[in-house]
Amino acid sequence: MSKSNGEHSKILPLKEDIKIYLKGIDEELASEYVQVVDELEDADVAIIMLNAPYHPGEEGNLLERFFHQSALTYGREKLDSILTILERKPTVVNIYLDRPAVIPEIKEKAAAILVNFGAVDEAILDVIFGNFNPQGLLPFEIPSSMNAVREQKEDVPYDSNDPLFEFGYGLSYKEIK
């Protein structure tokens, strides 16, 4: 969780008496937690689910089908669509990270950021609505830029310049409702 000023987000856990706009999460399941609306303008808060960025490589390359590679940034079109939502409503961003991602623009504008490493929608919603206390810590740094990634040494862990989130970063709720 983060806010643009670096302080812990006060938006989480979300209250159940709000209207939410969803992108990338099961609407029927989410409606068991809170009222889901179809239009962003009608929502109090947006929740968007993302996968770590990657750009598909050669179709015939077997390894690329199992392990994502290439730039750790979203393409301009994808990033612009994400930022449009973040600029219009307070947004909880959940990112499935199968590898690090360069997300400074998202961190700057998101009301909160959560990451997961393969959780189902119900578990993610339980965390977002405070039914479960988030307990995980990042197993790698989240770099601040692609330049920081390029300047890292291949054989030295945790050496990126000014990481967005350091190795082991994580927050939890102090109280569960």
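Rank these residues by their accessible area, most exposed first, probe 1.4 Å: K89, K10.
Values: K89 45, K10 170 Å².
Sorted descending by solvent-accessible area, the residues read K10, K89.
Give, to the nearest whole percent, the P(r) tail of the range 115-160 beyond 16 angstrom, counting all Cα pairs. Present the calculation step by step, with values, prior to reporting the outcome.
Working: 558 of 1035 pairs.
The proportion of pairs with Cα distances above 16 Å equals 54 percent.
So how tilted is helix 76-88 from the main axis of the chain? Cα-based, degrees 0 to 90, rounded to 10.
30 degrees
What number, in nm² with one decimal, is the all-direction average of the projected area of the convex hull of the alpha-carbon atoms of the chain?
Details: hull surface 44.3 nm².
Computed as one quarter of the Cα hull surface, the answer is 11.1 nm².
Divide by every residue of the chain the summed helix terms, -39500 (n - 2.57) for each DSSP H run of at least 4, and state the resulting mean residue ellipticity at 222 nm, rounded to the nearest 500 deg cm²/dmol.
Numbers: 6 runs with 42 residues, N = 177.
Estimated from H runs of four or more residues: -6000 deg cm²/dmol.
Using a Förster distance of 35 Å, how high is the FRET efficiency between D159 and A123, based on the Cβ-Cβ distance and rounded to 0.05? Walk me through the numbers on the way to the answer.
Numbers: r = 32 Å, r/R0 = 0.93.
Efficiency for this residue pair is about 0.60.
Do the alpha carbons of any pairs in K23/K153; K15/K89; K10/K78; K10/K153 sit beyond 25 Å of each other, and which pairs? Show your work: numbers first, answer last.
Values: K23/K153 37 Å; K15/K89 16 Å; K10/K78 27 Å; K10/K153 36 Å.
Going by Cα-Cα distance, K23/K153; K10/K78; K10/K153 fall outside the 25 Å limit.
The values are calculated or read from the model by the stated rules, or taken from the named source; none is laboratory data. Since the model is a prediction, treat every value here as computed from it, not as a measurement. Note: ideal-geometry Cβ built from the backbone for every residue, glycine included; neighbour counts use all protein chains shown. Note: areas computed on protein heavy atoms with side chains; ligands, DNA, RNA excluded. Shrake-Rupley method; radii C 1.70, N 1.55, O 1.52, S 1.80 Å.
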